[in-house]
Amino acid sequence: MTTAINIKPASADVANLPVLEIGNLAVGYRGNEGFQRVVHDVSLLVRPGEVVALVGESGSGKTTTAQAVIGLLAENGRLEAGTVRLNGTDIVGWSQKQLDAIRGSKISLIPQDPTTSLNPVKTIGAQVAEVLQIHRKGSRAEIDARVIELLTRVGLSQPELRARQYPHELSGGMRQRVLIAIAIALRPALIIADEPTSALDVTVQKRILDLIDELRREYGTAVLLVTHDLGVAADRANHIVVLKGGRIQEQGATAEVLAKPRSDYTRKLLADAPSLGKTRSVPRSVSPRIDRRGDAIVVENLVQDFAIGGRRDAFRAVDGVSFTVQRGATHAIVGESGSGKTTTARSIVGFQKPTAGRILVDGIDVTTLRRESLRWFRKTIQLVYQNPFASLDPRQTIFQIVEEPLLNFDPLPREDRARKVQAILDRVGLPSSVLARKPHALSGGQRQRVAIARALVLDPQVLVLDEAVSALDVTVQAQILALLDELQQALGLTYLFISHDLAVVRQISDTVSVLHNGRQVDGGPVEDVFQRPGSAYTRELISAIPGQHNVNLN
């Protein structure tokens with residue numbers, strides 16, 4: 001029925017008519033325990049040229065709300081009640097054929113993960129062309145020309161080359177630009193951006209958000225921005241809608257919500273957001289367990305080369321990095337993907353032998369260790385990974401996961417092992433009831449506490465935390481950071497904190513090294529580096545931290 005697809009507003013007063021109007025939306029999912037409602041009576045407006053941010057933690061209902069708007073709920077999902085008006089026309093109840101006719105042309109989606117959202121066996125050009133072909137926007141030659149124009153528009157270098165490449169040949173930021181090119185191909189009235197930058201480095205995130213904002217101003221496009229990052233919402237949105245448990249906690253103009261939040265939940269989100277919260281301006285006191293303030297880690301002129309495809313030449317991932325970390329302190333290594341920060345951490349832990357340089361951990365020269373001595377060295381230093389779900393064995397119980405290092409190193413009787421496992425779980429704030437569970441039954445924050453417990457059960461002196469909070473929601477992240485601070489004070493731990501999030505680094509670290517293309521471009525006390533950055537790259541990183549200032553939303 002073609003008449004149903006005409007969603008142009010009948011009123012001449014287009015500027016005041018919302019592009020999107022959601023009224024009392026209710027959505028549920030069918031699961032093993034029957035049908036469960038997860039979105040309750042959500043109502044909001046998005047006007048032409050306006051950015052409205054849906055903000056909340058995982059499970060808050062923000063992505064489900066966005067999927068309901070564009071008609072892309074999972075098979076077990078159902079829109080139970082409410083209206084979704086696009087330019088005044090209610091599209092609830094439309095068939096998939098009718099929705100297909102407006103997806104891309106009137107409403108578009110920029111999905112969260114550019115890695116899984118693009119077809120790995122189709123070229124970039126073919127995937128951008130597809131939306132134009134579906135809506136029959138020109139001949140093959142005209143569509144090919146439009147593809148190049150779109151790839152150029154979203155800032156991809158060598159667009160003709162990119163059109164012939166496959167997704168795996170592009171960086172994450174480049175793939176996200178391709179998704180934006182697809183979303184804007186037909187200049188839709190509304191773009192839904194679902195966590196469009198959550199997987200990207202901070203400077204790439206800024207460039208992508210700047211691009212979306214530029215396109216919004218140029219085309220007058222309305223944007224529904226789905227994000228868990230209040231700093232991003234603070235910078236980019238005219239209007240904020242805060243969700244918790246599928247219900248709106250509050251909504252209003254961004255400046256008003258940030259200045260005078262009405263709900264306790266919003267106040268907690270604001271307090272927990274690193275980019276919006278207070279930073280520590282003075283060093284923390286040293287734990288009373290530390291008798292002297294010596295160096296726990298010394299890295300001198302570290303070089304790490306990797307062979308490329310068996311050829312004689314090599315790729316230099318780390319080039320002459322040097323720093324020291326005092327006992328009981330937190331030293332951060334920051335930089336974007338490919339900067340060399342994780343490679344540096346792996347060398348310090350002893351997972352790989354450096355090409356050159358010296359590494360001392362608790363007075364031990366790591367570069368001289370072999371086999372059994374290297375294995376026992378790892379009682380001194382332990383690593384906590386980024387993704388607590390991937391780093392925990394899904395087949396083991398929590399007790400088995402935390403006990404395993406004791407079986408590998410300490411031949412303790414079973415009763416003593418059980419007591420030690422229970423004691424370390426108590427220390428990280430987990431109840432005894434989790435011992436018999438498996439990782440899938442725990443939340444992300446609980447899983448990360450298990451990963452920390454497993455690292456601490458051997459009583460190490462140093463913890464290396466590789467993006468250990470980057471996969472967590474802001475409130476859970478704040479809880480884990482508070483736990484790490486408490487453990488450091490109680491146990492006298494030294495932390496090496498690997499991160500791309502400068503807001504978190506400024507909040508918890510004493511000293512910092514900034515890496516760029518394998519080289520250290522800045523280093524020293526955190527406040528000195530933040531207030532007086534010595535390199536243009538560090539200045540760019542700092543300026544890209546979200547939540548520092550609002551962009552021009554006119």
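So which residues in segment 358-387 are within 14 Å of Ala296 (Cβ to Cβ) and either in a helix (DSSP H, G or I) or modelled with pLDDT under 85 (or both)?
Within segment 358-387, Val366, Phe377 qualify.
Restrict the check to segment 199-217 and report whether at least one residue is more than 16 Å from Arg177 (Cβ to Cβ) and among the charged types (D, E, K, R).
Going through segment 199-217, the residues more than 16 Å from Arg177 (Cβ to Cβ) turn out to be 202, 217.
From what's left, among the charged types (D, E, K, R): 217.
Yes, segment 199-217 has at least one match.
May I ask you to list the residues in segment 405-422 that are of a type in the set (Asp, Glu) and surrounded by 14 or more Cβ atoms within 10 Å (Cβ to Cβ)? Break it down stepwise before answering.
To start, the set of residues in segment 405-422 that are of a type in the set (Asp, Glu) comprises 410, 415-416.
The answer is Asp410, and nothing else.
Would you confirm, using the coordinates I've provided, whether Val223 is in contact with an Asp or Glu (Cβ under 9 Å, 6 or more places away or on another chain), farther than 23 Å from Gly155 by Cα and aliphatic (A, V, I, L, M)?
Numbers: in contact with an Asp or Glu (Cβ under 9 Å, 6 or more places away or on another chain): yes; farther than 23 Å from Gly155 by Cα: no; aliphatic (A, V, I, L, M): yes.
It is false that Val223 is in contact with an Asp or Glu (Cβ under 9 Å, 6 or more places away or on another chain), farther than 23 Å from Gly155 by Cα and aliphatic (A, V, I, L, M).
Filter segment 465-486 down to residues that are within 20 Å of His228 (Cα to Cα) and more than 11 Å from the chain's Cα centre (by Cα), then give me how many there are. If you could, list the steps in order and put the result at the bottom.
Within segment 465-486, the first condition is being within 20 Å of His228 (Cα to Cα), and the residues that meet it are 467-482.
Filter once more, keeping what is more than 11 Å from the chain's Cα centre (by Cα): 468, 475-482.
Number satisfying all stated conditions: 9.
Out of curiosity, is Val361 without any contact (Cβ under 8 Å) to a residue 40 or more places away in the chain, farther than 30 Å from Leu170 by Cβ and more than 29 Å from the chain's Cα centre (by Cα)? Break it down stepwise before answering.
On the way: without any contact (Cβ under 8 Å) to a residue 40 or more places away in the chain: no; farther than 30 Å from Leu170 by Cβ: yes; more than 29 Å from the chain's Cα centre (by Cα): yes.
Considered against the rule, which asks whether it is without any contact (Cβ under 8 Å) to a residue 40 or more places away in the chain, farther than 30 Å from Leu170 by Cβ and more than 29 Å from the chain's Cα centre (by Cα), Val361 comes out as no.
Considering segment 124-133 alone, what residues qualify as being surrounded by fewer than 17 Cβ atoms within 10 Å (Cβ to Cβ) and under 16 Å from Glu169 (Cα atoms)?
Selection gives Ala126 alone.
Go through segment 413-429 residue by residue and tally those that are over 19 Å from Asp466 (Cα atoms) and either part of a strand (DSSP E or B) or touching a helix residue (DSSP H, G or I) at 6+ places or on another chain (Cβ under 6 Å) (or both). Show your work before the answer.
To start, the set of residues in segment 413-429 that are over 19 Å from Asp466 (Cα atoms) comprises 413-427, 429.
Filter again for either part of a strand (DSSP E or B) or touching a helix residue (DSSP H, G or I) at 6+ places or on another chain (Cβ under 6 Å) (or both), leaving 417, 421, 424-425.
Of the residues in that region, 4 qualify.
Consider Leu392 carefully, then state whether it is buried (at least 17 other Cβ atoms within 10 Å of the Cβ), in contact (Cβ under 8 Å) with a residue 40 or more places away in the chain and part of a loop (DSSP other than H, G, I, E, B).
Values: buried (at least 17 other Cβ atoms within 10 Å of the Cβ): yes; in contact (Cβ under 8 Å) with a residue 40 or more places away in the chain: yes; part of a loop (DSSP other than H, G, I, E, B): yes.
Against the criterion (buried (at least 17 other Cβ atoms within 10 Å of the Cβ), in contact (Cβ under 8 Å) with a residue 40 or more places away in the chain and part of a loop (DSSP other than H, G, I, E, B)), Leu392 qualifies.
With respect to Phe497, determine if the residue is more than 19 Å from the chain's Cα centre (by Cα) and of a type in the set (A, V, I, L, M, F, W, C). Full working, then the answer.
Numbers: more than 19 Å from the chain's Cα centre (by Cα): no; of a type in the set (A, V, I, L, M, F, W, C): yes.
The answer is no for Phe497.
Given the options Asn32, Asn16, name the one that is over 31 Å from the mean Cα position of the chain (by Cα), of a type outside the set (Gly, Ala, Ser), loosely packed, with under 14 Cβ neighbours inside 10 Å and modelled with pLDDT under 95. Walk me through it before giving the result.
Working: Asn32 fails: over 31 Å from the mean Cα position of the chain (by Cα).
Checking each option against the conditions leaves just Asn16.
From the list Ala53, Ala81, pick out the single residue that is aliphatic (A, V, I, L, M) and farther than 17 Å from Leu224 by Cα.
Working: Ala53 fails: farther than 17 Å from Leu224 by Cα.
Result of the check over Ala53, Ala81: Ala81.
Between Ala390, Ala418, Ala356, which is more than 27 Å from the chain's Cα centre (by Cα), more than 20 Å from Ser513 (Cα to Cα) and among the small types (Gly, Ala, Ser)?
Numbers: Ala390 fails: more than 27 Å from the chain's Cα centre (by Cα); Ala356 fails: more than 20 Å from Ser513 (Cα to Cα).
Result: Ala418 is the single residue among Ala390, Ala418, Ala356 that is more than 27 Å from the chain's Cα centre (by Cα), more than 20 Å from Ser513 (Cα to Cα) and among the small types (Gly, Ala, Ser).
Touching a residue at least 40 places away in the same chain (Cβ under 8 Å), farther than 25 Å from Gln461 by Cα, buried (at least 16 other Cβ atoms within 10 Å of the Cβ) and not assigned by TED's automatic domain parsing to the domain that holds Gln205: does that describe Asp319? Spell out the reasoning first.
Values: touching a residue at least 40 places away in the same chain (Cβ under 8 Å): yes; farther than 25 Å from Gln461 by Cα: yes; buried (at least 16 other Cβ atoms within 10 Å of the Cβ): yes; not assigned by TED's automatic domain parsing to the domain that holds Gln205: yes.
Spelling it out, Asp319 is indeed touching a residue at least 40 places away in the same chain (Cβ under 8 Å), farther than 25 Å from Gln461 by Cα, buried (at least 16 other Cβ atoms within 10 Å of the Cβ) and not assigned by TED's automatic domain parsing to the domain that holds Gln205.
Pick from segment 64-81 the residues that are surrounded by fewer than 19 Cβ atoms within 10 Å (Cβ to Cβ) and in contact with a helix residue (DSSP H, G or I) (Cβ under 9 Å, 6 or more places away or on another chain): which of them is modelled with the lowest pLDDT?
Step one: list which residues in segment 64-81 are surrounded by fewer than 19 Cβ atoms within 10 Å (Cβ to Cβ), which gives 72-78, 80-81.
Now restrict to residues that are in contact with a helix residue (DSSP H, G or I) (Cβ under 9 Å, 6 or more places away or on another chain): 72-74, 77.
On the way: Leu72: 91, Leu73: 91, Ala74: 88, Gly77: 91.
This residue is Ala74.
Need at least 1 residues that are free of Cβ contacts under 8 Å to residues at least 24 places away in the same chain, surrounded by fewer than 20 Cβ atoms within 10 Å (Cβ to Cβ) and among the small types (Gly, Ala, Ser) per element, so show me which strands (runs of 3 or more DSSP E) inside segment 430-540 make the cut, counting only ones lying wholly within it. Break it down stepwise before answering.
Numbers: elements: 462-466, 494-499, 511-516, 519-525.
It comes to 519-525.
The values are calculated or read from the model by the stated rules, or taken from the named source; none is laboratory data. The model shown is predicted, which means the values in this text are computed figures rather than measured ones. Glycine gets a Cβ as well: all are built from the backbone with ideal geometry, and neighbour counts include every protein chain shown.
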